[in-house]
Amino acid sequence: MDSFLIKGGVPLHGEVTISGAKNAVLPIMAATLLTPDPCLIRRVPHLSDVRFMGQILTWLGAKVSYEADTVRVESKKIKGHGDYDLVRKMRGSICIMGPLLGRLRKARVSLPGGCIIGARPINLHLKAFAALGAKIVIEGGYVQATAKRLIGAPMFLGGRAGSTVLGTANALMAAVLAEGVTVIESAACEPEVVDLANFLNAMGAKICGAGSPTVTITGVTALHGAEHEVIPDRIEAATFAIAAGATHGEVTLKGARADHLHAVIDKLHDAGVEVERRGANLVARRNGRLKSADVTTLPYSGYPTDAQAQMMALMTLTPGISIITERIFESRFMHVSELGRLGADIEIEGPTAIVKGGRPLSGAPVMASDLRASAALVIAGLAAKGTTQVNRVYHIDRGYENIDGKLRQLGARIQRIEES
Ligand code: EPU
């Protein structure tokens, strides 16, 4: 397993190009299953999760080819069940269920388990399929949805923690080929859902209201091929902005969209890091001393859970007490003990982390436990004195395109140690 060796203490300076959004491209790749025509997706990041999704589509019968940052998918003939192990490997692959049900009226995939950040149930996905008339059976580790006809219907998809991103994506992808009108209430408003709806509309779907809590879908009989450029990754942009603040640097985030980052920009401002628009780019830089802050993760347009760990790394450097409350996933604090190895002082009280910041961090060997936790450890390592070794970086390769190369371009001393 590869690891990163980071020699901390260098302020990041320069420009970084923000890649296409992982959490937009995965459901968009799944949506290509809805048509037998070829689809072209542009600005696709090189990530292990994207390769996994490509493998799943190939297994289902699609032809998938890559050229630079473009993926072409042609799903002339597909089967309705996903390979048990492939689907189980990546939780995001649950979003093949909606398009399989929409196109074939049957879908069978391995039941995704919980993961390190929480239990991650799929009850709301299944509620959406059932509302459209599908019969749901859970058996032998698989979940199966079948329907003779899919009929548009009203549905409420709010859950314990609010809306569901992939649940909304699945509902959209099943409803576009249903008969009649579907209205989703408490739909997820994330930009990744809007990007998916834009792609589906380019394929001939009739979706209105994406980006708001009420989305209306008028079913059509067939979809056709389309081309689409994926939105820039707002979480990658947030991660580099936080890294600029943590290292007292100045980084231009090429192509990042301020309109997707309001909550992050607002909290970084409170914390003493300014993110300003400059032409088509954003520039993140530390504005004097860091200040303690109070962050609660929420569904969009609130502060994103996917940037919580990175913000915590910044808070460990900030004199005073900062409070971070995680409202989306019940156990997304795996980074806390690893940040502790670098000298951070953090206490957990239920869903809240109390960060007593300002003590200098010093390098240590640490273990990445999940994607965003790994990003937090990299940021802390960049700011720490001495050398930090981040082990198990395959987690970070799932969701950040060439993060070590991009950081080196900004002046960071980070080296990938490849396992021989
Ligand atoms: N939930 C339910 N029932 C469901 C579905 C979700 O109770 O049927 C709960 C979850 O347990 C959680 C909350 O609803 O408490 C929100 O989960 P959501 O369904 O929105 O998460 P997701 O769609 O499975 C996507 C991203 C995650 C990101 C979340 C929240 C992808 C591939 N994944 O997951 O990304 O954290 O939305 O924004 O789009 C990451 O990139 O590191 C990552 C984990």
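Observations on the model:
- For the stretch 202-213, the set of residues classified as in contact with a Cys (Cβ under 9 Å, 6 or more places away or on another chain) and not aliphatic (A, V, I, L, M) consists of GLY211, SER212, PRO213, listed by residue number.
- For first residues located in the stretch 292-305 and under 17 Å from ALA258 (Cα atoms) and within 15 Å of the ligand (Cβ to nearest atom), partners that are acidic (Asp, Glu) and open to solvent by 50 Å² or more (accessible area, probe 1.4 Å) and lie 6+ apart or on another chain with Cβ distances below 9 Å form the pairs TYR303/ASP266.
Here's the yes/no breakdown for (1) among the small types (Gly, Ala, Ser); (2) surrounded by fewer than 24 Cβ atoms within 10 Å (Cβ to Cβ):
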| site | (1), (2) |
| --- | --- |
| ILE184 | no, no |
| ASN201 | no, yes |
| VAL215 | no, no |
| ALA222 | yes, yes |
| GLU229 | no, yes |
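- Residue in the stretch 397-415 that is among the aromatic types (Phe, Trp, Tyr) and open to solvent by 30 Å² or more (accessible area, probe 1.4 Å) present: no
- Verdict on LYS135 being surrounded by fewer than 16 Cβ atoms within 10 Å (Cβ to Cβ), more than 17 Å from the chain's Cα centre (by Cα) and over 20 Å from LEU26 (Cβ atoms): yes
- A search for C-beta distances below 8 Å between a residue of the stretch 1-24 that is modelled with pLDDT under 95 and any residue that is open to solvent by 10 Å² or more (accessible area, probe 1.4 Å) and outside any strand (DSSP E or B), counting only pairs 6+ apart in sequence or on different chains, returns MET1/ARG392; MET1/TYR394; MET1/GLU419; ASP2/TYR394; ASP2/ASP397; ASP2/GLU418; ASP2/GLU419.
- One residue from ALA256, ALA241, ALA237 being in contact with a Pro (Cβ under 9 Å, 6 or more places away or on another chain), under 28 Å from ARG289 (Cβ atoms) and either polar (S, T, N, Q) or crowded, with 22+ Cβ neighbours inside 10 Å (or both): ALA256
- Output for the stretch 132-166, where each listed residue is touching a Phe, Trp or Tyr at 6+ places or on another chain (Cβ under 9 Å) and among the hydrophobic types (A, V, I, L, M, F, W, C): ILE136, ALA145, ALA147, LEU150, ALA161, VAL165
- Scan of the stretch 163-191 for residues that are over 26 Å from VAL25 (Cβ atoms) and within 16 Å of the ligand (Cβ to nearest atom), ordered by number: GLU185
- Counted residues, the stretch 261-315 - those being open to solvent by 10 Å² or more (accessible area, probe 1.4 Å) and among the polar types (S, T, N, Q): 6
- Only a single criterion out of (1) in a loop (DSSP other than H, G, I, E, B); (2) surrounded by fewer than 20 Cβ atoms within 10 Å (Cβ to Cβ) is not satisfied by THR318, namely (2).
- Cβ-Cβ contacts under 6 Å between residues 6 or more apart (or on different chains), taken from a first residue in the stretch 391-420 that is part of a helix (DSSP H, G or I) to a second residue that is small (Gly, Ala, Ser), are listed as HIS395/ALA368; HIS395/SER374; ILE396/SER374; ASP397/SER48.
- Any hit, the stretch 246-255, residues being hydroxyl-bearing (Ser, Thr, Tyr), at pLDDT 95 or above and assigned to a loop (DSSP other than H, G, I, E, B): yes
- Members of the stretch 47-70 that are outside any helix (DSSP H, G or I) and within 16 Å of the ligand (Cβ to nearest atom): LEU47
- The stretch 137-156 residues that are over 14 Å from VAL176 (Cα atoms), paired with ones that are aromatic (Phe, Trp, Tyr) (beta carbon under 6 Å, 6 or more apart): ALA145/PHE129
- Some residue of the stretch 31-42 being within 28 Å of ARG392 (Cα to Cα), surrounded by fewer than 18 Cβ atoms within 10 Å (Cβ to Cβ) and modelled with pLDDT of 95 or more: no
- Search result, residues across the stretch 279-315 that are under 30 Å from GLY158 (Cα atoms) and assigned to a helix (DSSP H, G or I): THR305, ASP306, ALA307, GLN308, ALA309, GLN310, MET311, MET312
The values are calculated or read from the model by the stated rules, or taken from the named source; none is laboratory data. Keep in mind the model is a prediction, meaning the values are calculated, not measured. Positions of Cβ are generated from backbone atoms using ideal geometry, with glycine treated the same way; all protein chains shown enter the neighbour counts. The accessibility values were calculated without ligands, DNA or RNA, using every heavy atom of the protein model including side chains. Shrake-Rupley method; radii C 1.70, N 1.55, O 1.52, S 1.80 Å.
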